[in-house]
1. Counting only residues that are farther than 24 Å from Q158 by Cα, give me the strands (runs of 3 or more DSSP E) lying completely in the stretch 230-281 with at least 3 of them.
2. Just checking, which of S224, S201 is touching a residue at least 40 places away in the same chain (Cβ under 8 Å), assigned by TED's automatic domain parsing to the domain that holds Y83 and of a type in the set (S, T, Y)?
3. Does S336 satisfy being loosely packed, with under 14 Cβ neighbours inside 10 Å and either more than 21 Å from the chain's Cα centre (by Cα) or free of Cβ contacts under 8 Å to residues at least 40 places away in the same chain (or both)?
4. Tell me the residue from L127, L109 that is out of contact with any Ser or Thr (no Cβ under 8 Å at 6 or more places or on another chain), over 19 Å from F248 (Cβ atoms), surrounded by 14 or more Cβ atoms within 10 Å (Cβ to Cβ) and in the same structural domain as G184 (by TED's automatic domain parsing), please.
5. Would you point out which residue out of A186, A155 is small (G, A, S) and modelled with pLDDT of 90 or more?
6. Does the stretch 248-257 contain at least one residue that is within 23 Å of the chain's Cα centre (by Cα), small (G, A, S) and in the same structural domain as L109 (by TED's automatic domain parsing)?
7. Considering every residue within the stretch 52-59, establish whether at least one is part of a loop (DSSP other than H, G, I, E, B), surrounded by fewer than 20 Cβ atoms within 10 Å (Cβ to Cβ) and at pLDDT 95 or above.
8. Taking the stretch 60-109 only, how many residues are touching an Asp or Glu at 6+ places or on another chain (Cβ under 8 Å), closer than 25 Å to A155 by Cβ and part of a loop (DSSP other than H, G, I, E, B)?
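The values are calculated or read from the model by the stated rules, or taken from the named source; none is laboratory data. Because the structure is predicted, anything quoted here is derived from the model rather than measured. Please note: Cβ atoms are built from the backbone with ideal geometry, for glycine as well, and neighbour counts cover all protein chains shown.
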Amino acid sequence: MPDINKIENGVRDVNPPLKMGELKVSNHLLGDRAALESAWQRDGYWYFKEILDLDVIAQLRREWIDYLQRQGFIDKNVEENRYNGASFEGKPISRADLERVAEFNERKLHRVLTENPKICATLKEILGDDPFWLPIAEYRANAPVVEYNGSRLIAPHQDGFYSRGMDMKICWIPVDHISGDMGGCAWVEGANNGPILHDLSNPPLFPIPPEKIPDDGWKTAEFSPGDIVIFDLNTPHSGLVNISKDRFRMSFDIRVTEASGRVPTIGPVKEINEEQVTLIDSQNSQERVYRINTETYVRGTDGKKREGEEIKKTFKPGETILVNSDDGDTATLVRSIH
């Protein structure tokens, strides 16, 4: 997800508010592969209510609460999602740091979910295949904004633009109840079948011009623990500003694909420059070499495309990366997994 339009001071610009529709619930489609595929092609997402194991979600929620207590934003004796109003001044983390909780990435907290047999069984039922989890996760604890008079959209984008050629779906998971005022996420229903909307003339992040997003297409919901939204790489989506009085928006997203399909190479980088990348495949410990050309999207965690000498500087030797290739020879995507 691109690292743009941060709410550094908790204040948004004034823009006309969007009227958002409701996401379609997909629970009734389970067991009907044709119906699931039809909904996917039509809408660009599946939204399942309270389908994930609640014990797993509760374990993750405990991690969020503990983290926010240690940072001083939830009182030690409070076990619910209740912001105490503490200032960010003098704290070791900023509002922006809560939009990507680095500690959870360092601890690979996603494994609580991805290595759980019940969760994997649920995803197999949804996908019709064993899940192959891509260790690319983002963890969020968005704080309420100080003032709000404008657009709820934080950073509309299509992941497919930043993850060229990947066969993967994105899983967005609320860790706690997320009401409408707490934000959450919104998707443009049906836009997965349209063109890539990112502005190629505006590097290095190539954001989507606001006028390209149809105002009447945005869909969202009030989310509960156990919910999951799985969506297409090309479905435009955006985080929403948290305008609640005292709640954090606790959520995370991770990528998945079908295990029997085309999966990327993941492993520690051995060498990389502007012409090729060499890494050790974690699945079989074999060395893999891929060419890099001008069409290859080489990126770090911020979504910005690297070119020339910047490519070598982006990754450290031994850092785990992901490489996708359509032909097994040339990389379409090289990226950090954090």
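1. 265-272, 276-280
2. Among S224, S201, only S224 is touching a residue at least 40 places away in the same chain (Cβ under 8 Å), assigned by TED's automatic domain parsing to the domain that holds Y83 and of a type in the set (S, T, Y).
3. no
4. Values: L109 fails: over 19 Å from F248 (Cβ atoms).
Testing whether each residue is out of contact with any Ser or Thr (no Cβ under 8 Å at 6 or more places or on another chain), over 19 Å from F248 (Cβ atoms), surrounded by 14 or more Cβ atoms within 10 Å (Cβ to Cβ) and in the same structural domain as G184 (by TED's automatic domain parsing) leaves just L127.
5. A186
6. At the first step, the residues of the stretch 248-257 found to be within 23 Å of the chain's Cα centre (by Cα) are 248-257.
Now drop any that are not small (G, A, S), which leaves 251.
Okay, now just the ones that are also in the same structural domain as L109 (by TED's automatic domain parsing), so 251.
Yes, that holds for at least one residue.
7. Yes, because at least one residue in the stretch 52-59 is part of a loop (DSSP other than H, G, I, E, B), surrounded by fewer than 20 Cβ atoms within 10 Å (Cβ to Cβ) and at pLDDT 95 or above.
8. Qualifying residue count for the region: 5.
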